[in-house]
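Student: Starting off with a structure, shown below.
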Amino acid sequence: MTALIPKPGQRDVRLDFFRGLAMFIIFIAHLPGNSWFLFIPARFGFSSAGELFVFCSGLASAYAFGRVFERKGTLAGLQRVAFRIWQVYWAHIGLALVMITLSLAAARLTGIDYARQLGLDWFLAEPADGLLNLVALGFTPAFLDILPMYLVLLAMLPAMALLGRVSRWLPLGVMAGLWLIVQATGFNLPGGQAPGMVWFFNPFAWQAVFFTGFAFGMGWLKAPALVRGWLFWACLAFLILSVPVNFWAFTENVGVLGAIHDALVPPDGKTNLVLPLYLHFLASAYVALVLVEPYRDRLHLAAPVVLVGQQALATFMAGIVLAWMGGMVLDATGRGAVPMAMVNLAGIAGLILVAALARRYKGGEGKATTKTAERNEAARPGQPAAYPQPAE
């Protein structure tokens, strides 16, 4: 069995690599009218970079927060999680205000109703209620659904970590139970762009992806051997069979394939994380890990991707803003092949630049090495070296 848990003092470069890929894909997917969207993984299967981002966040949270509950106790764990919730909450509010301001300013300059495209009609019609709901997470502009969900998942984390002390099966049972309740009742939180709507990413469904990653990171679940055995070929067959169902049905949505797709992934399927999405992501993750395993020690050669993954929160926020601004640029230049390529490449370069600046601001966080861990161990004989917190 191959664990997904790195040795103390080491970073798992696979985590940073795949989070970096998710950041680039999320940017491409959020750029309005982007022809490059036709080539992202979500076009060829049920799951998307969203599942990858949430899973990696759960895995990283096990390293950054779950281990604190084990090493330093409940109070220290609660303090660490509360501080992270504080950071992410204000990051979300700041990002929302930036997106609203950009939309209103661009609308005045161009005459294009970017406010409506961002889903601000109700917010602008009822500004008092809009601001209150924005602060209470009851109003989320378009493209800004994922951080509120992450806040709820972080709030759930201490309870899951404490249940895991009693038995590793307890948090897994709670995870499955919550997901089943959503599938049976559609239970969700009120939110979205207007009263009567619900959160696009239902946190009580998506916690299944997050806490699956968390469970691997905590050692509650053991990863299967990363070999090209029967499991690999079964997962690969599932992924291949999903291509025509998703790609052509998504393109045309007619005939037998369209009917199969709608049966497997109904209109609220993404919101409530229906089973085909969850299974497709797990199959994708396993196949990707098996294919990457022989080159695991070389992933550091993809330094820009790893760097972006190490600074996931900063690059996620930057990616949303850059995608929105890139759409405005394309509205002015047209969406020909050359301007489309230039805007996409500029956005990708922007993510790398933001990641480099974030790392510099943090003083090189995320560069923990085995030698560092050895020095820590030598300085404190008999005590475990400090576990590095993945940069987010």
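Student: If I ask for residues that are of a type in the set (D, E, K, R) and either closer than 18 Å to SER61 by Cα or touching a residue at least 40 places away in the same chain (Cβ under 8 Å) (or both), which ones from region 282-300 would you list?
Tutor: So in region 282-300, the residues of a type in the set (D, E, K, R) come out as 293, 296-298.
Within region 282-300, GLU293, ARG296 meet the criteria.
Student: Where residues in region 99-121 are small (Gly, Ala, Ser) and in a loop (DSSP other than H, G, I, E, B), which of them is farthest from PRO195 (Cα to Cα)?
Tutor: Step one: of region 99-121, the residues small (Gly, Ala, Ser) are 103, 105-107, 111, 115, 119.
Right, trim to in a loop (DSSP other than H, G, I, E, B) and you get 111, 119.
On the way: GLY111: 27, GLY119: 12 Å.
Looking at residues that are small (Gly, Ala, Ser) and in a loop (DSSP other than H, G, I, E, B), I get GLY111.
Student: Continuing with the same structure: Restricting the search to region 154-174, which residues are crowded, with 21+ Cβ neighbours inside 10 Å and either more than 22 Å from TRP86 (Cβ to Cβ) or without any contact (Cβ under 8 Å) to a residue 24 or more places away in the chain (or both)?
Tutor: Matches in region 154-174: GLY164, PRO171.
Student: Being within 21 Å of ASN202 (Cα to Cα), over 19 Å from the mean Cα position of the chain (by Cα) and modelled with pLDDT of 95 or more narrows it down to one of PHE123, PHE139, PHE83, so name that one. Even if it seems obvious, please write down each step before you answer.
Tutor: Working: PHE123 fails: within 21 Å of ASN202 (Cα to Cα); PHE83 fails: within 21 Å of ASN202 (Cα to Cα).
Step by step, each of PHE123, PHE139, PHE83 is checked, and only PHE139 is within 21 Å of ASN202 (Cα to Cα), over 19 Å from the mean Cα position of the chain (by Cα) and modelled with pLDDT of 95 or more.
Okay, residues lined up against (1) closer than 28 Å to ILE100 by Cα; (2) without any contact (Cβ under 8 Å) to a residue 24 or more places away in the chain; (3) surrounded by 20 or more Cβ atoms within 10 Å (Cβ to Cβ); (4) of a type outside the set (Gly, Ala, Ser):
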| position | (1), (2), (3), (4) |
| --- | --- |
| GLY186 | no, no, no, no |
| GLY196 | yes, yes, no, no |
| TRP199 | yes, no, yes, yes |
| PRO203 | yes, no, yes, yes |
| THR212 | no, no, yes, yes |
| ALA215 | no, no, yes, no |
| PRO224 | no, no, no, yes |
| VAL227 | no, no, no, yes |
| LEU231 | no, no, no, yes |
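Student: Could you check region 42-82 and list, in sequence order, the residues that are of a type in the set (D, E, K, R) and touching a helix residue (DSSP H, G or I) at 6+ places or on another chain (Cβ under 7 Å)? Outline the logic, then answer.
Tutor: Pass one, region 42-82, residues of a type in the set (D, E, K, R): 43, 51, 67, 70-72, 80.
Across region 42-82, the qualifying residues are ARG43, GLU51, ARG80.
Student: Next question, about the same structure. Would you check if there is a residue in region 154-169 being polar (S, T, N, Q) and over 21 Å from the mean Cα position of the chain (by Cα)?
Tutor: Taking region 154-169 as the starting set, the residues that turn out to be polar (S, T, N, Q) are 167.
So of that shortlist, the ones also over 21 Å from the mean Cα position of the chain (by Cα) come out as 167.
Among the residues of region 154-169, at least one is polar (S, T, N, Q) and over 21 Å from the mean Cα position of the chain (by Cα), which makes the answer yes.
Student: (1) in contact with a Lys or Arg (Cβ under 7 Å, 6 or more places away or on another chain); (2) among the aliphatic types (A, V, I, L, M); (3) free of Cβ contacts under 8 Å to residues at least 24 places away in the same chain: which one isn't true of ALA303, the others all being true?
Tutor: All conditions are met except number (1).
Student: Could you check region 122-202 for helices (runs of 4 or more DSSP H) lying wholly inside it with 1 or more residues that are of a type in the set (Phe, Trp, Tyr)?
Tutor: On the way: elements: 127-135, 146-166, 169-185.
Helices (runs of 4 or more DSSP H) meeting the threshold: 146-166, 169-185.
Student: A further question on this structure: Tell me the residue from ALA64, ALA82 that is among the small types (Gly, Ala, Ser), within 21 Å of MET317 (Cβ to Cβ) and without any contact (Cβ under 8 Å) to a residue 60 or more places away in the chain, please.
Tutor: Numbers: ALA64 fails: without any contact (Cβ under 8 Å) to a residue 60 or more places away in the chain.
Within the list ALA64, ALA82, the selection yields ALA82.
Student: If I go through region 4-32 residue by residue, how many of them are at pLDDT 95 or above and assigned to a loop (DSSP other than H, G, I, E, B)?
Tutor: Qualifying residue count for the region: 2.
Student: A follow-up question, please. Testing LEU78 on (1) in contact with a Pro (Cβ under 7 Å, 6 or more places away or on another chain); (2) assigned to a helix (DSSP H, G or I); (3) of a type outside the set (Val, Ile, Thr); (4) crowded, with 19+ Cβ neighbours inside 10 Å, one condition comes back false. Which one is that?
Tutor: (4)
Student: Out of PHE238, PHE250, I need the residue that is at pLDDT below 95, farther than 25 Å from TYR63 by Cβ and out of contact with any Phe, Trp or Tyr (no Cβ under 7 Å at 6 or more places or on another chain). Which one? Spell out how you get there, then give the answer.
Tutor: Values: PHE238 fails: at pLDDT below 95.
Unique residue meeting the criteria: PHE250.
Student: OK, next. Take THR315 and decide whether it is under 26 Å from PHE214 (Cβ atoms) and of a type in the set (Ser, Thr, Tyr). Step through it out loud before you land on a result.
Tutor: Numbers: under 26 Å from PHE214 (Cβ atoms): yes; of a type in the set (Ser, Thr, Tyr): yes.
When the stated conditions are applied, THR315 passes them.
Student: I'd like the full set of residues that are closer than 21 Å to ASN246 by Cα and acidic (Asp, Glu), limited to region 10-56.
Tutor: GLU51
Student: If you don't mind, there's one more thing I want to ask. For a quick check of your reading of the model, give me the residue pairs whose first member lies in region 263-281 and is at positive phi and crowded, with 21+ Cβ neighbours inside 10 Å, whose second is at pLDDT 95 or above and not charged (D, E, K, R), with beta-carbon atoms closer than 6 Å and at least 6 apart or on different chains.
Tutor: Between residues of region 263-281 that are at positive phi and crowded, with 21+ Cβ neighbours inside 10 Å and residues that are at pLDDT 95 or above and not charged (D, E, K, R), the close pairs are LEU273/ALA205; LEU273/TRP206.
Student: Also: Within region 187-205, can one find any residue that is more than 22 Å from PHE65 (Cβ to Cβ), at pLDDT 95 or above and in contact with an Asp or Glu (Cβ under 7 Å, 6 or more places away or on another chain)?
Tutor: yes
Student: Restricting attention to region 344-352, does a residue exist that is in contact (Cβ under 8 Å) with a residue 24 or more places away in the chain, in a loop (DSSP other than H, G, I, E, B) and under 17 Å from PHE17 (Cβ atoms)?
Tutor: No, that holds for no residue.
The values are calculated or read from the model by the stated rules, or taken from the named source; none is laboratory data. Model, not experiment: these values are computed from the prediction. Please note: Cβ atoms are built from the backbone with ideal geometry, for glycine as well, and neighbour counts cover all protein chains shown.
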